[in-house]
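A quick write-up on the structure given underneath.
Bear in mind that the values in this text are calculations on the coordinates, not laboratory data. Here the structure is a predicted model, which means the values were calculated and not measured. In this analysis, Cβ positions are derived from the backbone assuming ideal geometry, glycine residues included, and neighbour counts consider all displayed protein chains.
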Amino acid sequence: MDEHFRAFTFVDRITLLRPGAGIHGRYSIPAGLGDFPASLVAESVGQLAAWAAMAAVDFRSRPVAGLAASIELFAPARPGQELDLAVELDSVDDDAVAYGGTASVGGTMYLRLRDCVGPMIPLVEFDDPQVLRDRFALLSGPGATPGSFGGLPAFSFQRDAGETGRCARAVLRVPASAPFFADHFPRRPVFPGSLLMHLNLELAAALVAEAAAPRHGVHWKLQDVMDMKLRAFIAPGETLGLEAKLKDESADSAVVIVQTRRAEAMVGSVRLRFVPEERP
């Protein structure tokens, strides 16, 4: 089965377009999934921004990778919910797009992206422009049939050496093949930055879970993703090293910095802030 627009696509319908300025859309999270992590909620907002950016330049180029100054997390998304997505474009041309956006459910904010920038790359290198024009027309009209996403595969992600509660390391072996590469992207497979973010968050959460809780009966909850940068494309089959370090800890917050490297070269980095939350 062709996985294009099935394996890693998180916009079902475009409900409003202000060319070059803003876009609204929706995505229905399949009810049968085990979970739908925050990284994929952020990915859905980014994909909506990508549709607006591609349309603004007549599908000559598309945004790939980039940076986000801030991702605020307010509530976890759950299978079966419908995300209302909104993006405001600050600027867009053939070189870059700058935007911010939100994801909400029933009027309640779940996630907000601020000050995101994505370099625009010639679209023909990654996909068929006419196929994307046709998909954009479908999304802008009746919409796509929801429910195609079947969940993420298991990753070869192994915890390595470190210092308990202070530093955690892991090795990620990017799969040589996976269904999501058919969406990301058909002509040039690239490991999605949002999946790297997902694994960064997992490593950081494991690290702070080892750190002393600020007081009895609470645990650390991820609140903010800051200064997220993806500096290079990640190809299928690569091996990456991840390192999370606890940089600052108080009764009110814990800050973790995660860096990803290919050998000695920096591929990505992110700063995460955790806050105390009462245990359920």
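Please give the calculated 222 nm ellipticity per residue for the chain, where each DSSP H segment of at least 4 residues contributes -39500 (n - 2.57) and the sum is spread over every residue; nearest 500 deg cm²/dmol?
Counting only the DSSP helices, I get -6000 deg cm²/dmol.
Tell me the net charge near HIS219. Cut-off is 15 Å between Cβ atoms, HIS219 excluded, with +1 for each Lys or Arg and -1 for each Asp or Glu.
Working: positive: ARG215, LYS221, ARG273, ARG279; negative: GLU210, GLU249, ASP252, GLU277, GLU278.
Result for the local shell: -1.
Any chance you could list P(r) for segment 1-60, counting all Cα-Cα pairs in 5 angstrom bins from zero, rounded to whole %?
Over segment 1-60, the share of Cα pairs per 5 Å bin runs 4, 16, 25, 23, 17, 9, 4, 1 percent.
Please label the shape of segment 13-140 as rounded, prolate or oblate, based on the square roots a ≥ b ≥ c of the eigenvalues of the alpha-carbon gyration tensor (a/c under 1.5 means rounded; beyond that, a/b larger than b/c means prolate, else oblate).
Here segment 13-140 falls in the prolate category.
In whole Å, what are the extents of segment 208-280 along the principal axes defined by its C-alpha atoms, from largest to smallest?
43, 21, 20
Positive end of the dipole of segment 1-160, charges at C-beta (+1 Lys, Arg; -1 Asp, Glu), about the Cα centre: which of ALA77, VAL92, VAL57 has its Cα farthest in that direction?
Of the options given, the answer is ALA77.
Among VAL267, VAL131, VAL105, which one shows the highest mean-square fluctuation when the chain is modelled as a Gaussian network with alpha-carbon springs under 10 Å?
Per the Cα network of the chain with a 10 Å cutoff, VAL131 tops the list.
Can you find, among ALA170, VAL190, SER148, the residue sitting farthest towards the positive end of the charge dipole of segment 54-191, where Lys and Arg contribute +1 and Asp and Glu -1 at Cβ?
With unit charges placed on the Cβ atoms, the residue in question is ALA170.
Please give me, ordered by residue number, the trypsin sites (Lys or Arg not before Pro) of segment 188-280 that lie in loop per DSSP and have at most 16 other Cβ atoms within 10 Å.
For trypsin sites (Lys or Arg not before Pro) across segment 188-280 that sit outside H, G, I, E and B with at most 16 neighbouring Cβ atoms in 10 Å, the list reads ARG215, ARG231.
Over the chain, what relative contact order in percent results from Cα pairs under 8 Å that are six or more residues apart?
On the way: 671 pairs, mean separation 53.3, N = 280.
Dividing the mean separation by the residue count of the chain yields 19 percent.
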